[in-house]
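Have a look at the structure below, then the notes.
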2 protein chains.
Amino acid sequence: MPTIDAAGLQHLCSRLLECLGVNASEASFTATALVASNLRGVDSHGVALLRYYLEQLEHGDMEPNGEPELLHNSGCTALIDGHNSLGQIVARFATDQAISLTMDHGCGIVSTRRSNHFGAAAFWVQRINAAGLIGIALCNASPVVAPWQGKQGRLGTNPICFGVPGQSPFLLDMATTTVAANKIFNVHSAGQSTIPQGWALDKEGVPTTQTIDAYTGLLNPLGGYKGSGLAVMVEMLCGVLSGGAMANELGGIRFRGKPVDVSQFFMALDPKCFLDPGEYEQRAQSLSQVLKATAPATGYDEVLLAGEPELRTEAHRRKHGIPLADGTWQSLTDWATRFHLALPGVWAS
Amino acid sequence: MPTIDAAGLQHLCSRLLECLGVNASEASFTATALVASNLRGVDSHGVALLRYYLEQLEHGDMEPNGEPELLHNSGCTALIDGHNSLGQIVARFATDQAISLTMDHGCGIVSTRRSNHFGAAAFWVQRINAAGLIGIALCNASPVVAPWQGKQGRLGTNPICFGVPGQSPFLLDMATTTVAANKIFNVHSAGQSTIPQGWALDKEGVPTTQTIDAYTGLLNPLGGYKGSGLAVMVEMLCGVLSGGAMANELGGIRFRGKPVDVSQFFMALDPKCFLDPGEYEQRAQSLSQVLKATAPATGYDEVLLAGEPELRTEAHRRKHGIPLADGTWQSLTDWATRFHLALPGVWAS
């Protein structure tokens, strides 16, 4: 497992996107967003995705220089057509809109259609949080999840992401399935034959612990019917609201010949509409401290908030580099070779 | 288990609230909201709650005729002080505000502090949906849930409720725990010694299937760390945002000498800001149909959406009456006896 530093990795990814026709500034921004996810330890949503983006661009399933368009603006809401641009470019445009609407209305709600994979949702919520606002990001995804009691993929992993401004480490970014699809792909790639109970269902909708049955089967909604309900909620706010593709109309980054056609929902909310400046941040921090001070359950050393493990990983990886899975590194190497690009240096282990 | 019709039950509950000093119109509205939950089959959030409301009123822990106050309005947001009024009265005021703000801004976000138990969240989302708007309701609750990896109650069951306008039956109303606290109280009241795995943790934060350990222990967050994260998200939008009580500062409807001091978050969103009139409703209905048409998994007859079982129960109970748990009926009988009120007729079984 080679270890690469963030800047070198970002540069390579940016250059690869340029080789597929993406202009330099959009390529650089997209690469930065991907590497940010690796820095936080969320490798499933980092540069491992680049090979799919490159394939999409090469096969004409995604526009290298599409321009997101503001279709409609009313009150604190906006509807955006992504015109099949890179998801990161659409999401940047959309979060900028959400933040701007919040200045006038206290809240901004932005829906996008015809977008693409935007990497980790956390990146966009952090962008909203950095503007001093509470942030929410939702998106629909390829239909690999059956509605509860069903056995055909109709819903995506449909993540929910939420974060707050200020110093609280709390940042929730979760698929509405027990695990993200990538976890099963990774176990499969690694050749492990079994997975933990509760991760997946087989083709008949029956719980399975066999990796191969999970790979050809379905992801288990979080906690059963409640996770399924959350996934439907996300779709009602994404594909249904945007006027874009819904449920099994979506494509997927691993399948060629069809755009992904994903929809996203962004919300920014100004806590200064409710409390004095700085008060929300202070209260959010207090809540975090109260939760952290909870006596640990038997078997645990401490209470960890959502977002804390990622913060710690980021501190470490900024200093010590990003360890990349062999498969991811190989794929980047292959693409770099093809376009005669220099590879970033690998840290001595 | 006696069966009572909705109108008779509503009348008794309304009169009982009046006996504790609530004025007639607020009492009638509150009773209607509670009975609506019984009609939907959600008995844990129906008239079974009335005894606690009456006790709160009798002990001075809740104001019989408090008046919710609009503290602050900015853009599409509003902050309300419930002044310890009945939760239903605060929530009615808040949802009216949210709907009204939506007319001007496309969205309305309302936060309440110093509120009380508002019954089932679904009632408020249905109220928003009836105005042609997408609705969300969240609230914090008594600290009976430990943050994941902890063993002390710091979070509530913190429900998430979401619904859409139009004919789709989809209506999600879920605690962010595997089950609602009332389920464990009910199993305990019924004298059952065990509960299913995944419902609860004992005092040490270790999973248990013993009812007594669960009763003195903690509710299990939905799916573990993700449910815990969702509960924190809800608290960040309720107690933290409202400036009200947070986490273990809250009281509880079963404990005297302290107001419940709950906070709620309501959001209304106008789909006509994004799509043509009627289009969102039609698309939501289409999604529901696609999901319903999913082939059932082995062991199931059909795919059920969140909200469908409740719709079916409501159709049945409107015709055939509401079966009340013996304990609930006994409690209503005791209170009615005390205030010399006539009981509604019980249906012949």
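Could you list all residues from the range B:288-319 that are farther than 20 Å from residue B:44 by Cβ and touching a Phe, Trp or Tyr at 6+ places or on another chain (Cβ under 8 Å)?
Within the range B:288-319, B:288, B:303, B:305 qualify.
Among (1) at pLDDT below 95; (2) open to solvent by 10 Å² or more (accessible area, probe 1.4 Å); (3) under 19 Å from the mean Cα position of the chain (by Cα); (4) within 18 Å of residue B:175 (Cβ to Cβ), there is one condition residue A:233 misses while meeting the rest; what is its number?
The one condition residue A:233 does not meet is (1).
Test residue B:92 against the stated conditions and say whether it is under 29 Å from residue A:272 (Cα atoms) and open to solvent by 30 Å² or more (accessible area, probe 1.4 Å).
Details: under 29 Å from residue A:272 (Cα atoms): yes; open to solvent by 30 Å² or more (accessible area, probe 1.4 Å): yes.
For residue B:92, the condition - under 29 Å from residue A:272 (Cα atoms) and open to solvent by 30 Å² or more (accessible area, probe 1.4 Å) - is met.
If you scan the range B:20-43, which residues turn out to be assigned to a helix (DSSP H, G or I), open to solvent by 30 Å² or more (accessible area, probe 1.4 Å) and in contact (Cβ under 8 Å) with a residue 60 or more places away in the chain?
Correct list: B:26, B:29, B:43.
Tell me, please, whether a residue that is at pLDDT 95 or above, in a helix (DSSP H, G or I), at the interface with chain B (Cβ under 10 Å from one of its Cβ atoms) and open to solvent by less than 30 Å² (accessible area, probe 1.4 Å) can be found in the range A:290-313.
Yes: one or more hits.
Can you name the residue in the range A:271-282 that is surrounded by fewer than 24 Cβ atoms within 10 Å (Cβ to Cβ) and within 12 Å of chain B (Cβ to nearest Cβ) and is also farthest from residue A:104 (Cα to Cα) among such residues? Quick ask: steps written out before the conclusion?
Quick first cut of the range A:271-282, residues surrounded by fewer than 24 Cβ atoms within 10 Å (Cβ to Cβ) only: A:272-273, A:275-279, A:281-282.
Those still in the list that are within 12 Å of chain B (Cβ to nearest Cβ) too: A:272-273, A:275-276, A:279, A:281-282.
Working: A:272: 13, A:273: 11, A:275: 17, A:276: 18, A:279: 21, A:281: 21, A:282: 24 Å.
That would be A:282.
Checking residue B:63 against (1) crowded, with 21+ Cβ neighbours inside 10 Å; (2) outside the structural domain of residue B:164 (by TED's automatic domain parsing), which test does it fail?
(1)
Please find, within the range B:115-136, the residue that is surrounded by the fewest Cβ atoms within 10 Å (Cβ to Cβ) out of those that are under 9 Å from the mean Cα position of the chain (by Cα) and within 21 Å of residue B:79 (Cβ to Cβ).
B:117
Among residues belonging to the range B:137-172 that are more than 21 Å from residue A:228 (Cβ to Cβ) and of a type in the set (S, T, N, Q), point out the one that is least open to solvent (accessible area, probe 1.4 Å).
B:140
Of the residues B:285, B:264, only one is open to solvent by 50 Å² or more (accessible area, probe 1.4 Å) and of a type in the set (S, T, N, Q); which? Walk me through it before giving the result.
Details: B:264 fails: open to solvent by 50 Å² or more (accessible area, probe 1.4 Å).
Just a single option satisfies the conditions, and that option is B:285.
Looking at (1) within 11 Å of chain B (Cβ to nearest Cβ); (2) modelled with pLDDT under 95, which one does residue A:327 not meet, given that it meets all the others?
For residue A:327, the failing item is (1).
Using the structure shown, decide if residue A:75 is buried (at least 20 other Cβ atoms within 10 Å of the Cβ) and in contact with a Phe, Trp or Tyr (Cβ under 9 Å, 6 or more places away or on another chain).
Answer is no for this residue.
The values are calculated or read from the model by the stated rules, or taken from the named source; none is laboratory data. What you are looking at is a predicted structure, and each value in this text was computed from that prediction instead of being measured. FYI the Cβ positions are ideal-geometry reconstructions off the backbone, even for glycines, and counts take in every protein chain you see. The area values use the complete protein model at the heavy-atom level, side chains included, leaving out ligands, DNA and RNA. Shrake-Rupley method; radii C 1.70, N 1.55, O 1.52, S 1.80 Å.
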